[in-house]
1. What number of residues within the stretch 50-95 satisfy the criterion of being touching a strand residue (DSSP E or B) at 6+ places or on another chain (Cβ under 7 Å), assigned to a helix (DSSP H, G or I) and under 30 Å from Ser123 (Cα atoms)?
2. Kindly provide the set of residues from the stretch 113-157 that are of a type outside the set (S, T, N, Q) and open to solvent by 60 Å² or more (accessible area, probe 1.4 Å), ordered by number.
3. When the residues of the stretch 96-109 are narrowed to those that are touching a residue at least 12 places away in the same chain (Cβ under 8 Å) and not in a loop (DSSP other than H, G, I, E, B), which ends up nearest to Arg157 (Cα to Cα)?
4. Which one is modelled with the lowest pLDDT, of the residues in the stretch 196-221 that are within 19 Å of Ile141 (Cα to Cα) and of a type outside the set (A, V, I, L, M)?
5. When the residues of the stretch 158-171 are narrowed to those that are over 14 Å from Ile226 (Cα atoms) and out of contact with any Pro (no Cβ under 8 Å at 6 or more places or on another chain), which ends up surrounded by the most Cβ atoms within 10 Å (Cβ to Cβ)?
6. Under 7 Å between Cβ atoms, which residue pairs at least 6 apart in sequence (or on different chains) link something in the stretch 190-204 that is aromatic (Phe, Trp, Tyr) with a partner that is open to solvent by less than 50 Å² (accessible area, probe 1.4 Å)?
7. State whether the residues of the stretch 82-99 include one that is under 18 Å from the mean Cα position of the chain (by Cα) and within 19 Å of Ser174 (Cβ to Cβ).
8. When the residues of the stretch 47-82 are filtered to those that are without any contact (Cβ under 8 Å) to a residue 24 or more places away in the chain and closer than 21 Å to Met108 by Cα, which remaining residue is surrounded by the most Cβ atoms within 10 Å (Cβ to Cβ)?
Amino acid sequence: MSAQQTTMSARDTAARTEILARIRRATADITDKDPETDSPIQWEYGRGIEMDDVVSTFVQKVIDYSATVVRVAPPDVPQAVVEGLRATGARMSAVVPAGLDADWIYAMRAAGLEARVDEPALSKEVLNDTEAVVTAAACGIADTGTIVLTHIADQGRRAITLVPDRHVCVVRASQVVSDVPEATQIVKPAVKEGHPLTWISGGSATSDIELSRVDGVHGPRKLYVIVVDDI
């Protein structure tokens, strides 16, 4: 056996030992090792998990992804949208879905921003030339800090949420749920109707084999979330 093979064998043994040790630690509280007598856990899919403050947990998780989050009252949303665009660096233009709240669009235009309504569908060249996108959301997930879009009228088609470099997204507090199974129950009707889903956890980023981070590869690199305290 060569020296290289010996080294690899030693590494494999160490890895196996570590994996088994983790399994033993994870199952240390199981006193009955017989799977036939093990009691099943009573759990209902989509019920959610216990959480002290769902909205605050969601806010903190989104912040952990290096996104910006603000919480506002319903009357303050139009101004918050404008401030979000300014904060992300948008100075001239933003694309908006045809079904977006008219008051938000009015506030943008009153602030001197060009609100480009995606109806009829804007070309990819126009989208690429647009600084930001403003949308509503289908739901937010506290446990993972994820925002889900179902691309209905106030969220727009997928292209407008992937091409511009900045995304200002409005999420109502009443839309925030505890975990992923609970969120899937909310978006299920949209899926049955053929709508695509987009799951957003922070700004778009990826890394190569050398772990060099690159932002904005799969969508907007800057995410600004407005949580509306509507409950």
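The values are calculated or read from the model by the stated rules, or taken from the named source; none is laboratory data. None of the values given here were measured: they were computed from a predicted structure. Because the Cβ atoms are built from the backbone with ideal geometry, glycine has one as well, and the counts that use them run over all protein chains shown. Calculation scope for accessible area: heavy atoms of the full protein, side chains included, ligands and nucleic acids excluded. Shrake-Rupley method; radii C 1.70, N 1.55, O 1.52, S 1.80 Å.
1. The first filter runs over the stretch 50-95 and keeps only residues touching a strand residue (DSSP E or B) at 6+ places or on another chain (Cβ under 7 Å), leaving 54-55, 58-59, 62-63, 67-72, 74, 77, 80-81, 84-85, 87-90, 92-95.
Filter once more, keeping what is assigned to a helix (DSSP H, G or I): 54-55, 58-59, 62-63, 74, 77, 80-81, 84-85, 87-88.
Going one step further and asking which of them are under 30 Å from Ser123 (Cα atoms), we end up with 77, 80-81, 84-85, 87-88.
Matching residues across the stretch 50-95 total 7.
2. As a first pass, look at the stretch 113-157 and keep what is of a type outside the set (S, T, N, Q): 113-122, 124-127, 129, 131-134, 136-143, 145, 147-149, 151-154, 156-157.
Correct list: Glu114, Glu119, Pro120, Ala121, Lys124, Glu125, Asp129, Asp143, Ile152, Ala153, Arg157.
3. Checked the stretch 96-109; the qualifying residue nearest to Arg157 (Cα to Cα) is Val96.
4. First, pick out the residues of the stretch 196-221 that are within 19 Å of Ile141 (Cα to Cα): 196-204.
Subset that is of a type outside the set (A, V, I, L, M): 196, 198-199, 201-204.
Values: Pro196: 93, Thr198: 95, Trp199: 95, Ser201: 90, Gly202: 81, Gly203: 70, Ser204: 64.
So the residue we want is Ser204.
5. Filtering first and then ranking leaves Val163.
6. Between residues of the stretch 190-204 that are aromatic (Phe, Trp, Tyr) and residues that are open to solvent by less than 50 Å² (accessible area, probe 1.4 Å), the close pairs are Trp199/Thr146; Trp199/Val148.
7. Start the filter on the stretch 82-99 by keeping residues that are under 18 Å from the mean Cα position of the chain (by Cα), which leaves 84, 88.
Still in the list and also within 19 Å of Ser174 (Cβ to Cβ): none.
No; the residues of the stretch 82-99 include none that is under 18 Å from the mean Cα position of the chain (by Cα) and within 19 Å of Ser174 (Cβ to Cβ).
8. Only one residue fits best here, namely Asp76.
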